[in-house]
1. Given that compact globular proteins tend to follow 2.2 N^0.38 Å, what is the ratio of the alpha-carbon Rg of the range 72-165 to that value?
2. For the chain, find the longest principal axis of its Cα atoms and tell me its angle to the long axis of helix 2-30, 0 to 90°, nearest 10.
3. Going by alpha carbons, how many degrees (0 to 90, nearest 10) lie between the helix axis of 150-165 and the longest principal axis of the chain?
4. Per the Kirkwood formula on distinct C-alpha pairs, the Rh of the chain is how many angstrom?
5. Over the chain, with a Gaussian network built from C-alpha contacts below 10 Å, which listed residue (Pro37, Pro179, Pro149) shows the highest mean-square fluctuation?
6. Round to the nearest 0.05 the FRET efficiency obtained for Leu173 and Gln145 when R0 = 22 Å and r is the Cβ-Cβ distance.
7. Restricting everything to alpha-carbon atoms, can you work out Rg to Rh for the range 26-123 with a Kirkwood hydrodynamic radius?
8. Give me the percent relative contact order of the chain, please, defined on Cα pairs under 8 angstrom at least 6 residues apart.
Amino acid sequence: MPARRSSKFQLVLANAVTCGNFASGVAAILRREEGRPVRRSALILAGIACDAVDGTIARRSGNATALGAAADGISDIITFGVAPAVLLTRWTPTHRTPLTRIAPACYLAAIASRIVRNGVRPRTSHVFVGLPMGGAGFIFAFACQARLPRRAMDYLAVALSVAMVSRIRVLSLEALIRPNLPLDIPAAAPR
């Protein structure tokens, strides 16, 4: 009986952490901030921290659900896709250029392309084709925290867009940290 309670607790915890990812993304989108989006990008980083652990907790519970996997995917789209594009559109440059208009659109188009190519489902491998949304969101938010100039952020958004739709193979963070980890994830009930 205690093992069952523990697995239910882990599942509830995983869902709560996924909600934390979603809430971080929504807060980054809705927050008003003049000038550099440092605080909003910190919310994206908080979403990344939540995303880094929610799937692991759910798989350890043994009660992963398809609804949880879909909620995780939608949270990722909001936090790592929509929020960075909104940050770029609200970060008013000193003068508008074609790049300031194109960069957010390229970023959103790359997110849409990844969704079409991969769907919103649990991953089955520690190898991604193209830069994953979470990786792009992390790089974008970290660059905001580093206070890169707006023009550099626009170029970065376009470069991240290309990397997301590319066919390059990228190892997951978990595989980078644990080099002996098998690259295929055992099939489990989706969360």
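Nothing in this text is a laboratory measurement; each read-out follows from the coordinates by a stated rule. Please read these numbers as outputs of a predicted model, since none were measured by experiment. Cβ placement follows ideal geometry from the backbone for every residue including glycine, while neighbour counts extend to all protein chains displayed.
1. Numbers: Rg = 13.1 Å, N = 94, 2.2 N^0.38 = 12.4 Å.
Computed over Cα atoms of the range 72-165, the ratio equals 1.06.
2. Approximately 10 degrees, to the nearest ten.
3. Approximately 40 degrees, to the nearest ten.
4. Mean inverse Cα-Cα distance, inverted, gives 17.2 Å.
5. Among Pro37, Pro179, Pro149, the largest mean-square fluctuation in the Gaussian network model of the chain belongs to Pro179.
6. On the way: r = 18 Å, r/R0 = 0.82.
Efficiency, rounded to the nearest 0.05: 0.75.
7. Working: Rg = 15.6 Å, Rh = 14.8 Å.
Computed over Cα atoms, the ratio is 1.05.
8. Reported as a whole number, the value is 28 percent.
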